[in-house]
Structure formats: C-alpha cells, structure tokens
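Peer 1: Dropping the structure in here first, questions after.
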Amino acid sequence: MDYTVCVLPGDGIGPDITDQAVKVLHAVGQKFGHGFTFTEHMIGGGAIDAAGHPLPQETIDACTKADAVLLGAVGGPKWDDVQHKLRPEQGLLGIRKALGLFANLRPAVIYPELAQASYLRPDIVRQGIDLMVLRELTGGIYFGRPQGVRTHEGQRVGINSMVYSEEEIRRIGRMAFEIAGKRRGRLCSVDKANVLDVSRLWREVIAELARDYPQVELSHMYVDNAAMQLVRDPSQFDVIVTGNMFGDILSDEAATITGSIGLLPSASLGQSRPGLFEPVHGSAPDLAGQDAANPLATILSAAMLCTYGLGLETEGRAVEDAVHAVLGRGHRTADLATDRSEIVGCSRMGDLVCDQLLGQG
Ligand code: NAD
C-alpha cells in the first residue's frame, strides 16, 4: 500500500528526531513492501518567523490530506516573549483542533534494560510495566461551560464545569475497548463516580458499551485510587481510559514512573484519519542541532503511527521490537547512558534501529 505522511519537524531538536523516524518508516516500507511519501511543513516558532503564524493554513491543508501526521516538537527561548496570540504552542493546539483529535494515547513501558531509570522500587519494576493511558482530549472540565472568574456577593469566585455528553463518552469508550481488545484484553475506566454526577454517567455509558466487547475484561476505579495503584502496582494495568483532566494527570504520572523522557511516544486520534503522532518531550533547545537528542520517542511514535494511524500492527510491533533489540545490545544516547563508551548520537541511533529492522543489526 502507499501512504502519505505529513511531517512537521517544528523547533529545537524537532528536525533531528523526525529525520530519524522518517528513516525508520522508509525501512518499514522497504521491509514490508509499502510506499511512504513524506511531505514536510512548518509549525511552531519557525513558522512564526517564516510565515507570521505558528500554524499556517498550508500546513493545515497538507495535514488534512495526509494519511498520518508525524510531529517533532515546538517552542524555544526565542519565542518565549512573543505576544500570546503568536506562541509556538498555539500551533500544537490548533492542529489537534483542526484534525478533530479527541483521544490521546500514551503508553508507559519499562524496558528491562533500562529498569534502573525507573523511580519505583526494583521489586515493583520487576513485575513489568506495559500500560496505555487513553485520555479524552476535547471535553470535560477544560472546556465545559460555565467557566471564568466572577464576583458574587462581594468576592471573586472561580468556576469550571466538568461536562460530558453520553456521545463524547461513547466514542472514547469504543476506542478504548478496541485498543484493549488488541492488547491484553483488560480495560480500567477511571472516574470519580462516588462524588461527581458526570462520572456516574461516564461509568454507566462505559458499562453499557462493555456488552459489545465480551472479550474485554472491564473494571472501574476511582481516580484517587488509580493514582496510588500506578505507583504501588502498575503491572495490574493494561489500558486505562479516563476523562480529560484525570487523564492529563495520570498519563504524566504513568510516564514519569518509567524515568526516561526520551522514550515516551504518543498518539492523538480522531474519528478517522489522519492521526497525529509525536514524542511526549519538548523541543530540548539545549540539544538542538548537536546530533545528541534521543530519537527513540519519535521512532516509537512512528511505530504508533503504523499501528494506530494506518492499521499496520505487524509493522508497528516490528519497530518496537527493533528499538528493544538496539537497547538490549547496550546502545544508548547520552540521556540514557550510564557508561560513556556506549553513547551514540541521534543519527546513529536511527541507523541502528533501521539496520535491526532490516535484519542487518
Ligand atoms: P523538554 O522536554 O524540551 O526538555 C526537558 C529536559 O529533557 C531537557 O533537559 C532536555 O534536554 C531533555 N530532553 C527532552 N527531550 C529529549 C530527547 N529527545 N533526548 C534527550 N534529552 C531530551 O522540556 P522543556 O525544557 O520544559 O521545554 C523546552 C521547550 O519545549 C519549551 O519551549 C517548551 O514550551 C517546549 N515544549 C514543547 C512540547 C511539544 O512540542 N509537545 C512539549 C513540552 C515542551
């Protein structure tokens, strides 16, 4: 099959790391007989400089036409003091909105070779951590109305509203059951149904959906307990689905316990293609252009692009396996290295993953 991927390198290390992911996707094409066509467009600070806007219309048009979008990162000190309307991050928010991306997927995996990077006790890490947090991205308390600060009876009152319609819950719920069905078949829905009416509806709708997915084992957990269980015994989780604010917090918690920011990929998905695939980390301006960044989070985002963006599950798994194998052989970028002799640059790390994928590693 032929696929078009729109690449948005962005700022800082963005170009370094997306170059490596593109290289890996070329290798996927070669190995599995797919044709990948790449188009490259501007986003973020560089787009402000060149086109006067962090998300030029031309970029939106190119993304909309593509089968998938691969993003590096945006931002940097150069644009820190530009007026609010023209901040690099507006490019990110804008593209997510333009593509109707309502679900954010963030896996948290502990690689046995990097177990010492985790903040958890070794006996907990040994149980294994391989979970996925699926966060609703466009609803809930961040967008619900009424919102704002008002004066009531002589004092200021801040208001935000957690609002979910059953359709909003149903579409993220369906995605969660589908994903759990393709993994280990366990879905944990996280809410605060002991306190919040909106959570009671969330729980009800998710439970209704479960009838359509008998092969998936559904459980419910209150968010405060989920926050504890993630550090106490993360091995119990396969897929976690939750609303926007709970997901914001839990996905960062889940990511942090792995300890390796350079290894964390993400995917944002809508009802149809294209999805957006990007590393969790930022533009690391301190490393830009030095061939020193860790490209693995972006390469693993390319793996998610295959699996969740194009339905190429075997190809996605092959990329993940190649990353495991390269780490297993002791290769490290500087951020992960404990021994200077094993350090490789960004580009070399990309080459190692390609070679492994093509059986030349
Ligand atoms: P950051 O993630 O860019 O960097 C935090 C630390 O992690 C730095 O020490 C950096 O060198 C290191 N790091 C990050 N990615 C790395 C990689 N791939 N390999 C090796 N080391 C890596 O976060 P920050 O310093 O808070 O922000 C820098 C800029 O990035 C800011 O302008 C911020 O607004 C922006 N940012 C963008 C995104 C995004 O595009 N999604 C996300 C977060 C921050």
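The values are calculated or read from the model by the stated rules, or taken from the named source; none is laboratory data. Model, not experiment: these values are computed from the prediction. Counting neighbours? That spans all protein chains shown, and the Cβs are built from the backbone with ideal geometry, glycine included.
Peer 1: Condition first: in contact with an Asp or Glu (Cβ under 8 Å, 6 or more places away or on another chain), of a type in the set (Gly, Ala, Ser) and either farther than 24 Å from THR39 by Cβ or touching a residue at least 60 places away in the same chain (Cβ under 8 Å) (or both). Can you find one or more residues in the stretch 94-104 that meet it?
Peer 2: For the stretch 94-104, residues in contact with an Asp or Glu (Cβ under 8 Å, 6 or more places away or on another chain), of a type in the set (Gly, Ala, Ser) and either farther than 24 Å from THR39 by Cβ or touching a residue at least 60 places away in the same chain (Cβ under 8 Å) (or both): present.
Peer 1: Out of all the residues in the stretch 265-294, which are assigned to a loop (DSSP other than H, G, I, E, B) and more than 9 Å from the ligand (Cβ to nearest atom)?
Peer 2: GLY270, GLN271, SER272, ARG273, PRO274, ALA288, GLY289, GLN290, ASP291 - these are the residues of the stretch 265-294 that are assigned to a loop (DSSP other than H, G, I, E, B) and more than 9 Å from the ligand (Cβ to nearest atom).
Peer 1: Say we look at the stretch 22-58 and pick out the residues that are more than 24 Å from GLN90 (Cα to Cα) and hydrophobic (A, V, I, L, M, F, W, C); which of these is farthest from the ligand (Cβ to nearest atom)?
Peer 2: PHE32
Peer 1: A further question follows. If ASN104 satisfies all but one of (1) within 16 Å of the ligand (Cβ to nearest atom); (2) of a type outside the set (Gly, Ala, Ser); (3) surrounded by 19 or more Cβ atoms within 10 Å (Cβ to Cβ); (4) modelled with pLDDT under 95, what's the number of the condition it fails?
Peer 2: (4)
Peer 1: In the stretch 305-359, what count of residues is obtained for those that are modelled with pLDDT under 95, acidic (Asp, Glu) and away from the ligand (no atom under 16 Å from the Cβ)?
Peer 2: 1
Peer 1: Starting from the stretch 111-138, take each residue that is outside the structural domain of SER301 (by TED's automatic domain parsing) and within 25 Å of GLY185 (Cα to Cα) and list its partners that are aromatic (Phe, Trp, Tyr) and not in a helix (DSSP H, G or I), counting only C-beta distances under 9 angstrom and pairs at least six apart or across chains.
Peer 2: Listed pairs, sorted by first residue: ILE129/PHE237; ASP130/PHE237; LEU131/PHE237; MET132/PHE237; VAL133/PHE237; GLU136/PHE102; GLU136/TYR164; LEU137/PHE102.
Peer 1: Moving on. Which condition breaks for ALA255 when tested against (1) surrounded by fewer than 20 Cβ atoms within 10 Å (Cβ to Cβ); (2) touching a helix residue (DSSP H, G or I) at 6+ places or on another chain (Cβ under 9 Å)?
Peer 2: (1)
Peer 1: Moving on. When both residues are 6+ apart or on different chains and their Cβ atoms are under 8 Å apart, which pairs have a first residue that lies in the stretch 26-49 and is not assigned by TED's automatic domain parsing to the domain that holds ALA318, and a second that is aliphatic (A, V, I, L, M) and surrounded by fewer than 20 Cβ atoms within 10 Å (Cβ to Cβ)?
Peer 2: Filtered contacts from the stretch 26-49: no entries.
Peer 1: Hey, does the stretch 70-83 have a residue that's closer than 30 Å to VAL326 by Cβ, modelled with pLDDT under 95 and among the acidic types (Asp, Glu)?
Peer 2: no
Peer 1: Hey, any hits in the stretch 288-297 for a residue that's at negative phi, surrounded by fewer than 18 Cβ atoms within 10 Å (Cβ to Cβ) and either charged (D, E, K, R) or assigned by TED's automatic domain parsing to the domain that holds MET132 (or both)?
Peer 2: no
Peer 1: Which pairs have Cβ atoms under 7 Å, sit 6 or more apart or on different chains, and link a residue in the stretch 53-82 that is under 18 Å from ILE17 (Cβ atoms) to one that is more than 14 Å from the ligand (Cβ to nearest atom) and in a loop (DSSP other than H, G, I, E, B)?
Peer 2: ALA68/ARG273; ALA68/PRO274; ALA68/LEU310; VAL69/PRO274
Peer 1: Also, quick follow-up: Output the residues belonging to the stretch 299-317 that are surrounded by fewer than 20 Cβ atoms within 10 Å (Cβ to Cβ) and touching a residue at least 60 places away in the same chain (Cβ under 8 Å).
Peer 2: GLU313, THR314
Peer 1: Also, I was wondering about something else. Tell me the helices (runs of 4 or more DSSP H) entirely within the stretch 143-259 that contain at least 2 residues that are more than 27 Å from VAL109 (Cα to Cα) and touching a strand residue (DSSP E or B) at 6+ places or on another chain (Cβ under 9 Å).
Peer 2: Per the criteria, 197-210.
Peer 1: Picking from ALA66, ALA73, ALA115, which residue would you name as being buried (at least 20 other Cβ atoms within 10 Å of the Cβ) and more than 16 Å from the ligand (Cβ to nearest atom)?
Peer 2: From the options ALA66, ALA73, ALA115, the qualifying one is ALA66.
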